[in-house]
Amino acid sequence: MFVASVMASVFLSFFMTHFLFSHKLRSYVQDNLVVSGKTIIESYKNSYPNHLDTLMGGITALPIFTIIVYDEQGRPLHETDKVAKHKLIVDEENLRSVLNGGVFRGGMGKEYDRLVVGLPFQIEGHAYALFIKPETNDVATLAVGYFRMQLFLVVFIGTLLVIVTSRYIVRPLKHLTLATRNMAKGDFSIRLATKSRDEIGELTASFNQMAQELDSLERVRRQFVSDVSHEIQSPLTSIKGFTMALKQKKMDEESRLRLLTIIEEESDRLSRLTQDLLKLSALEHDQIQPNMSQYRLDEQLKDVMIASEPLWSNKNIQLNLDLEPVVISADEDKLSQLWTNLLSNAIKFTEPGGMISINLIASQHSVTVSVADSGVGIPEEELHHIFKPFYKIDQARVRAVGGNGIGLSIVKRIIELHGGEIRVESAVGKGTTMNVMLPLVLPNKYNKV
Ligand SMILES: Nc1ncnc2c1ncn2[C@@H]1O[C@H](COP(=O)(O)OP(=O)(O)OP(=O)(O)O)[C@@H](O)[C@H]1O
Ligand SMILES: [Mg+2]
C-alpha cells in the first residue's frame, strides 16, 4: 500500500511536470511566433507586389520558420515548405477562420503541428492569411531530449529508491502487525528483533516492552487466580471434613460443639476472604478516586483503637497512644480501614502481655503515623514480600491466628491512593514498627476529578 502510494505520487509528479512545462513552453513559442509573424507581415506588405520572391527566398534561407501565405480564395501563394522536415498542413476550416480575421494558435495534431500560428492581414482590401511554424533544429531536439531524459531518470531512480527503502519500512511493519494479532489472541511471549535506531526501531522496541509488561501482568493474574482458588479450597476442605465427621461418628456434646465451632470459623474466614478480595479489587481499579473530606486524624486513630479493644484487652496487651491533634484531608473510610488492618496485625502477631504504641507526628505538609508492636517481628528477607496478596510469613502461625494475607496489600493500595508511603522496621523476636507517611493535602495529580 505504502509503496503503491509513493510510486503513484512519483508518476503523478512526472506527468504533471511534463504537462505544465510543455504547456508553458508551447505558449511561449506561440507568443514569439505571433511577434515574428507580425514582422514578416510588415515586410510582406512593404515588398508587395514586386519583391515578394526575394523576401520569401530570404526567409527560406533562414531555417527557423516554415511559412505559408494564402490568398483570399485559400490558395497557397508563397511557401517555404520545401525545406521543412515536418510539413506544415493547414486544414480548410482553420484557414477560413483566419481569412475571416481570426488568429489561430495551435492545432490538435502532433507536437510540432501544435506550435502553428495563423495570422490574418489585408493588402489593398484583400484578405490574406499567414501561417507560421518554428522549424525544429538540432539544439531544440537535444534540449527536449535532455529534459525528457532527466524526468525519466527521476522516475526511475525514485522508484528504485522507494522499492529499496520500503523493504526496510514495510517488512518490520508487517512483522509488527502479525505480532499484534498474535498478542490479541493472548500470546504475550512474542519479542521482535530490531537493530535499527530509527522510528520503526523505536516502535519495535516499545512494542517489545509492552509485550514484556503484559506478559508479567498475565503471570501475576494467573498466580492471583491460583492463590485465590487455593485460599478458598483449604477452608472448604476442612468444612467438608468436619461435617463428614459429624455425620458419621457418634460423639459427645463437647466434641460436637468443638467441630461446629471450627466449621463456623472456617466459614467466617471464607466470608472475610471474599470481602477482602472485593475490597482489593475495588482498590486495584486505576480510576478509583479517594472520597476526600477534612477530619481529625488523631480522633480517628483513637476510634480505631477503641473499636478493637476486645482484641487487645483479651490478650492483655498494653496500648499506648501519643497523638498530636491534626486535621487531614483524606478518604476517611479508607484510612480507617488502613489503621484497622495495621492494628489488627500488631495485635495478631504480638504475644499476650505485649505492648503496642501508636504515634502521630505532624510536620508542615505531612503526617507520620507509626504502629509499633513488641511482637514476633519480620525477618529482613521477608520485608519486601509482605505487601503481596496472600503472602504470609509463617503459614502455620498465621493459620492459628487467622488471616488471608490480604490486609497489607489493601494497606499499600490505600497509601498509594493518597500519595503517601509506608516503611517497615522490624527485628525478629523484638517487634515491628509500621511507619505511614501521608501528605496533609492530596498532591495535585490526585485532585483531577
Ligand atoms: N506486625 C507484624 N508483626 C509480624 N509480622 C507481621 C506483622 N504484620 C504483618 N506481618 C506478616 O506479614 C504477613 C502479611 O500480612 P497481612 O496483613 O497482609 O496478612 P494477614 O494479617 O496474615 O491476613 P489478613 O490481614 O488478610 O487477615 C502476615 O501474615 C505476617 O506474616
Ligand atoms: Mg493483616
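Considering each of 438, 383, 408, 360 in turn, give the residue that is within 16 Å of ligand 2 (Cβ to nearest atom), at pLDDT 90 or above and in contact with a strand residue (DSSP E or B) (Cβ under 6 Å, 6 or more places away or on another chain).
383
Quickly run through segment 172-198 and pick out the residues that are modelled with pLDDT under 85 and open to solvent by 80 Å² or more (accessible area, probe 1.4 Å).
Passing the criteria: 195, 197.
Look through segment 44-74, keep the residues that are surrounded by 15 or more Cβ atoms within 10 Å (Cβ to Cβ), among the polar types (S, T, N, Q) and over 20 Å from residue 95 (Cα atoms), and return whichever of them is farthest from the chain's Cα centre (by Cα).
In this case the residue turns out to be 47.
Of these, 353, 375, which one is more than 13 Å from ligand 2 (Cβ to nearest atom) and in the same structural domain as residue 306 (by TED's automatic domain parsing)?
After applying the criteria, what remains is 353.
Give, as residue ranges, the helices (runs of 4 or more DSSP H) completely inside segment 230-335 that count at least 1 residues that are not assigned by TED's automatic domain parsing to the domain that holds residue 410.
253-284
Listed here are the residues, each with its yes/no results for (1) more than 8 Å from ligand 1 (Cβ to nearest atom); (2) over 26 Å from residue 285 (Cα atoms); (3) assigned to a helix (DSSP H, G or I).
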position: 342; (1), (2), (3): no, no, yes
position: 350; (1), (2), (3): no, yes, no
position: 375; (1), (2), (3): no, yes, no
position: 391; (1), (2), (3): no, no, no
position: 403; (1), (2), (3): no, no, no
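The values are calculated or read from the model by the stated rules, or taken from the named source; none is laboratory data. This is a predicted model, so every value here is computed, not measured. Please note: Cβ atoms are built from the backbone with ideal geometry, for glycine as well, and neighbour counts cover all protein chains shown. To get the accessible areas, we keep the full protein, side chains included, count just its heavy atoms, and leave off ligands, DNA and RNA. Shrake-Rupley method; radii C 1.70, N 1.55, O 1.52, S 1.80 Å.
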